[in-house]
1. In degrees, nearest 10, range 0 to 90: what is the angle between the Cα axis of helix 23-34 and the longest Cα principal axis of the chain?
2. How much of the accessible area of the chain, probe 1.4 Å, is carbon plus sulfur, in whole percent?
3. Place +1 on the Cβ of every Lys and Arg and -1 on the Cβ of every Asp and Glu in the chain, take the dipole about the Cα centre, and give the residue among SER261, CYS127, PHE145 whose Cα lies farthest towards its positive end.
4. State whether region 76-186 is rounded, prolate or oblate according to the following rule on the C-alpha gyration tensor (a ≥ b ≥ c being the square roots of its eigenvalues): a/c under 1.5 gives rounded; otherwise a/b larger than b/c gives prolate, and the remaining case gives oblate.
5. Over the heavy atoms of ASP88, what accessible area does a 1.4 Å probe trace out, to the nearest 10 Å²?
6. Evaluate E = 1/(1 + (r/R0)^6) for VAL388 and LEU171, where r is the Cβ-Cβ distance and R0 equals 51 Å; express this FRET efficiency to the nearest 0.05.
7. Name the residues whose placed amide hydrogens come within less than 5 Å of the amide hydrogen of ARG116, ignoring near sequence neighbours (fewer than 5 apart) on the same chain.
8. Give the aspartates and glutamates reachable from LYS277 as a straight Cα distance under 19 Å; neighbours fewer than 8 places away on the same chain don't count.
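The values are calculated or read from the model by the stated rules, or taken from the named source; none is laboratory data. Nothing here was measured: the structure is a model prediction, and the numbers come from that model. Note that each Cβ is placed from the backbone with ideal geometry, even for glycine, and that neighbours are counted across all protein chains shown. SASA here: full protein model, heavy atoms, side chains in, ligands and nucleic acids out. Shrake-Rupley method; radii C 1.70, N 1.55, O 1.52, S 1.80 Å.
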Amino acid sequence: MNTSFKRHDFQEDIDAIGRSTVIPTLLETIVLATGMGFAAVARVTEARWVTCRAVDTISFGLTPGDELDIESTLCHEVRQFDQEIVIDDVASDPVYVNHHCPARYGFRGYISVPIRRADGSFFGTLCAIDPEPHKLSDERVLGMFRLFSQMIGEVLDAAEALAESEEELSLERGLAEVQEQFIAILAHDLRNPVSALSSGLRMIERRDIDAATIELVGFMRASVNRMALLIENLLDQARKRNGGGIVIERSQAEDLGAALSQVSAELQTVTPDQGIKTTIELSAPVYCDVARISQLYSNLLGNAVTHGASGKPIEVAARLVDGDFVLTVANSGDRIPEDLLPTIFMPFERTSNRPSREGLGLGLFIAMEIAKGHGGTLTVTSNEDETVFTFRMPNPAS
């Protein structure tokens, strides 16, 4: 036998067989059930015979990676003719009594069964030898070998599928990290030009300008505010992915109603044709982070503007109900498909309806994170008449 071959040639196959906890048990079972002294899984190609795993009680001397001359093996014929070879006793076998292989390796009992992959391709053999004869042509023995060879093929297929999945997962993770770094850097760098635009608009507003210019500046300011919100959403996503989370600083807020009304006014300026009906009934302070609740509301309202039916008003309500602060945003339009509801609050998820007006898919995710940060919930219901997002949180101040 030749043990000087380059192990790496078939290292993937050897490792795939070697990682299995099932295959050693199968080989041990063969030895115990048949009395054979050597059982192995061999990788067999047109030119190579390589041991992948073996149980050896007769000191045949093959370990994983060891190789036999392919022409000296009967497994070569198993592959060549795609059929099993079963020899109870070489001495009385009419076909193999004078064959060079048994004489060379000194066995009398022999069995070799093909191992095939799911696509039908030939991998190698499950084989066993012994210097003494054995009753191997028994259907129960053959059935065991066939079942075990099938199981080994399935182990190989599962190992390959797992390796492919792990490789794809690794690539996806690497790509995701690069994307997140890019997004975080982009969002950070966009802050400066947005701040410059805001400063420029404030300078224009201080000048003596006519009504038309005042209206134009209002549109521009609303757009700049939306840009700033999108940037903040991107930065919040980056912080969340890096383990920092969204910072919530709660206080007894008397001005939450005014902040929500300001958000409505800004969105109304950007979309004058889309009515926004806002009802705010807050009879007591709300214990919250006003800036974050405003961000949550802006994201929900922006989503309603994007996906709501044109010409039909969006209805917003902010109330104190049974000691809770409750904010609802309702819009008419297409019903959200059932299969999209479970992932609607996930980052970068996009719905298929009205794709031309889609954003980054971060708004609802950030809104959910803000809701969680306040110890509250954010839910959605949708039917043919309307879609309603509801934020609810305990309000100890009320």
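1. Helix 23-34 sits roughly 30 degrees off the main axis of the chain.
2. Working: 10730 of 20600 Å².
Carbon-and-sulfur percentage of accessible area, whole number: 52.
3. SER261
4. On the way: a/c = 4.59, a/b = 3.72, b/c = 1.23.
Taking the square roots of the gyration eigenvalues as a ≥ b ≥ c, region 76-186 is prolate.
5. About 40 Å², rounded to the nearest 10.
6. Working: r = 39 Å, r/R0 = 0.77.
The pair VAL388/LEU171 has a calculated efficiency of 0.80.
7. Under 5 Å from the amide H of ARG116: PHE123, GLY153.
8. GLU266, GLU315, ASP385, GLU386
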